[in-house]
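Remarks on the structure that follows.
The values are calculated or read from the model by the stated rules, or taken from the named source; none is laboratory data. Remember, predicted model here, so these are calculated numbers, not experimental data. Please note: Cβ atoms are built from the backbone with ideal geometry, for glycine as well, and neighbour counts cover all protein chains shown.
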Amino acid sequence: MNSTPPCINLELDESIAHITFNNPTARNALTWPMYEELKRICDDLANRPEIRVAIFRGAGDKAFVSGSDIQQFVDLKENEAYEVAVDTIFHSLQHLPIPTIALIEGLAVGSGLLIATACDFRISTSDARFGIPVAKTLGNCLSPSNLSWIANHLGVPMVKRMLLSAELIKAPELLNSGYLYQTTSPDEIVEATEVLANKLAVLAPITQKVSKVTLARLMESNLPDCTELMRETYNSVDFKEGVNAFLEARPPKWLGK
């Protein structure tokens, strides 16, 4: 049993930063303090010119990140504000001015998929699975910013499969679509990630920064105001039922209200 409180570990190895989501007993689900720490780490790395690449991974081999810690939704008051707050955190990762790599073993679902997609490159084991199965679990929704971001990377048909049918997509299909940079065996994934990181670390940093930040701004341009839709979701009876059902380890009973 892991006695270490959920946290995010940062290790600097010359020009490469290693960031590990460390909550393996909950498949690296993110608590709110972990979200806040992710933003602090990204903001810090953005001001370290000696760091040229960042690698993100989950502790253990069961999950990259399996979503958010559901307990934090129980007493949430301004529920739609949660998505707005998460947007700010992901913005720091999406705009990090250095190449980023997600090393993915096991599950990358919910926030895990969003974090992986916020990275520039994704390398996974061949048996990894990806998705946002909230139509089956919590009954919540994504912000326009996050939905736009994943649609730009995965394509609208794939995002609909993930969101409307709660389907988990296997790595080989996402490799063929170009979403994944590479798939490997568990024994080879660390070496493959290091090879890519070292390749990226010696290229022109200003070109890398300007290219990725410009693309990020293009994806964020002309986003609609969907506050009323997020409010409808997070203030619904179904969302409360989804949270309670998850915590009680039972199937939710959706009412559509």
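Within the stretch 178-189, restricting attention to residues that are in contact (Cβ under 8 Å) with a residue 12 or more places away in the chain, of a type outside the set (Gly, Ala, Ser) and not in a helix (DSSP H, G or I), which residue is farthest from Thr20 (Cα to Cα)? So that I can check it myself, show each step before the final result.
Kept after step one, since they are in contact (Cβ under 8 Å) with a residue 12 or more places away in the chain, are these residues of the stretch 178-189: 179-186, 189.
Next, only the ones that are of a type outside the set (Gly, Ala, Ser) stay: 179-184, 186, 189.
Of the ones still in play, those that are also not in a helix (DSSP H, G or I) are 179-184, 186.
Details: Tyr179: 21, Leu180: 19, Tyr181: 20, Gln182: 20, Thr183: 20, Thr184: 19, Pro186: 17 Å.
Step by step, filter the stretch 178-189, then rank; the result is Tyr179.
Test Glu220 against the stated conditions and say whether it is out of contact with any Leu (no Cβ under 6 Å at 6 or more places or on another chain), closer than 20 Å to Ala151 by Cβ and of a type in the set (Asp, Glu).
On the way: out of contact with any Leu (no Cβ under 6 Å at 6 or more places or on another chain): yes; closer than 20 Å to Ala151 by Cβ: yes; of a type in the set (Asp, Glu): yes.
Considered against the rule, which asks whether it is out of contact with any Leu (no Cβ under 6 Å at 6 or more places or on another chain), closer than 20 Å to Ala151 by Cβ and of a type in the set (Asp, Glu), Glu220 comes out as yes.
Do the conditions hold for Val65, that is, is it out of contact with any His (no Cβ under 9 Å at 6 or more places or on another chain), of a type in the set (Val, Ile, Thr), farther than 25 Å from Asn235 by Cα and buried (at least 19 other Cβ atoms within 10 Å of the Cβ)?
Numbers: out of contact with any His (no Cβ under 9 Å at 6 or more places or on another chain): yes; of a type in the set (Val, Ile, Thr): yes; farther than 25 Å from Asn235 by Cα: yes; buried (at least 19 other Cβ atoms within 10 Å of the Cβ): yes.
So Val65 passes the test.
Which one of the conditions (1) without any contact (Cβ under 8 Å) to a residue 24 or more places away in the chain; (2) surrounded by fewer than 19 Cβ atoms within 10 Å (Cβ to Cβ); (3) not acidic (Asp, Glu) does Met158 fail to meet, given that it meets all the rest?
It fails just one condition, (2).
To keep it simple, each residue is scored yes or no on (1) in a helix (DSSP H, G or I); (2) within 26 Å of Gly58 (Cα to Cα).
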| site | (1), (2) |
| --- | --- |
| Ser124 | no, yes |
| Leu138 | no, yes |
| Met162 | yes, yes |
| Ala166 | no, yes |
| Leu196 | yes, yes |
| Lys199 | yes, yes |
| Thr207 | yes, no |
| Lys212 | yes, yes |
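Enumerate the pairs (first residue in the stretch 190-202 and without any contact (Cβ under 8 Å) to a residue 60 or more places away in the chain and more than 11 Å from Ala102 (Cα to Cα); second residue anywhere and of a type in the set (Lys, Arg) and in a helix (DSSP H, G or I)) with beta-carbon separation below 6 Å, excluding pairs fewer than 6 apart on the same chain, so at least 6 apart or on different chains.
Short answer, once both residue conditions are applied: none.
If we keep just the residues of the stretch 2-19 that are at negative phi and assigned to a loop (DSSP other than H, G, I, E, B), which is nearest to the chain's Cα centre (by Cα)?
We begin by selecting, within the stretch 2-19, every residue at negative phi; these are 2-13, 15-19.
Now narrow it down to the ones that are assigned to a loop (DSSP other than H, G, I, E, B): 2-6, 15.
On the way: Asn2: 23, Ser3: 24, Thr4: 22, Pro5: 20, Pro6: 16, Ser15: 23 Å.
Residue satisfying both the conditions and the ranking: Pro6.
So is Leu103 at pLDDT 95 or above and either farther than 22 Å from Cys42 by Cβ or outside any loop (DSSP other than H, G, I, E, B) (or both) or not? Break it down stepwise before answering.
On the way: at pLDDT 95 or above: yes; either farther than 22 Å from Cys42 by Cβ or outside any loop (DSSP other than H, G, I, E, B) (or both): yes.
Considered against the rule, which asks whether it is at pLDDT 95 or above and either farther than 22 Å from Cys42 by Cβ or outside any loop (DSSP other than H, G, I, E, B) (or both), Leu103 comes out as yes.
Looking only at residues in the stretch 178-203 that are in contact with a strand residue (DSSP E or B) (Cβ under 9 Å, 6 or more places away or on another chain) and small (Gly, Ala, Ser), which one is surrounded by the fewest Cβ atoms within 10 Å (Cβ to Cβ)?
Ranking the qualifying residues of the stretch 178-203, first place goes to Ser185.
Check the stretch 225-247 and report whether any residue there is outside any helix (DSSP H, G or I), hydrophobic (A, V, I, L, M, F, W, C), modelled with pLDDT of 95 or more and over 22 Å from Gln72 (Cα atoms). Let's see the steps before the verdict.
So in the stretch 225-247, the residues outside any helix (DSSP H, G or I) come out as 225-226, 235-236.
Add one more test, that the residue is hydrophobic (A, V, I, L, M, F, W, C), and what stays is 226.
Imposing the further condition that a residue be modelled with pLDDT of 95 or more reduces the set to none.
No; the residues of the stretch 225-247 include none that is outside any helix (DSSP H, G or I), hydrophobic (A, V, I, L, M, F, W, C), modelled with pLDDT of 95 or more and over 22 Å from Gln72 (Cα atoms).
If the Cβ limit is 7 Å and pairs must be 6+ apart or interchain, which residue in the stretch 6-19 that is within 13 Å of Pro99 (Cα to Cα) and at pLDDT 95 or above pairs with which residue that is surrounded by fewer than 20 Cβ atoms within 10 Å (Cβ to Cβ) and among the acidic types (Asp, Glu)?
Taking only residues 6 or more apart or on different chains, the pairs are Ser15/Glu50; His18/Glu11.
Restricting to the stretch 20-40, give me the number of residues that are in contact (Cβ under 8 Å) with a residue 12 or more places away in the chain, farther than 20 Å from Leu196 by Cβ and not in a loop (DSSP other than H, G, I, E, B). Reasoning before the result, please.
At the first step, the residues of the stretch 20-40 found to be in contact (Cβ under 8 Å) with a residue 12 or more places away in the chain are 20-39.
Subset that is farther than 20 Å from Leu196 by Cβ: 22-39.
If we keep only those that are not in a loop (DSSP other than H, G, I, E, B) too, we end up with 22, 24-26, 30, 32-39.
Within the stretch 20-40, residues that are in contact (Cβ under 8 Å) with a residue 12 or more places away in the chain, farther than 20 Å from Leu196 by Cβ and not in a loop (DSSP other than H, G, I, E, B) number 13.
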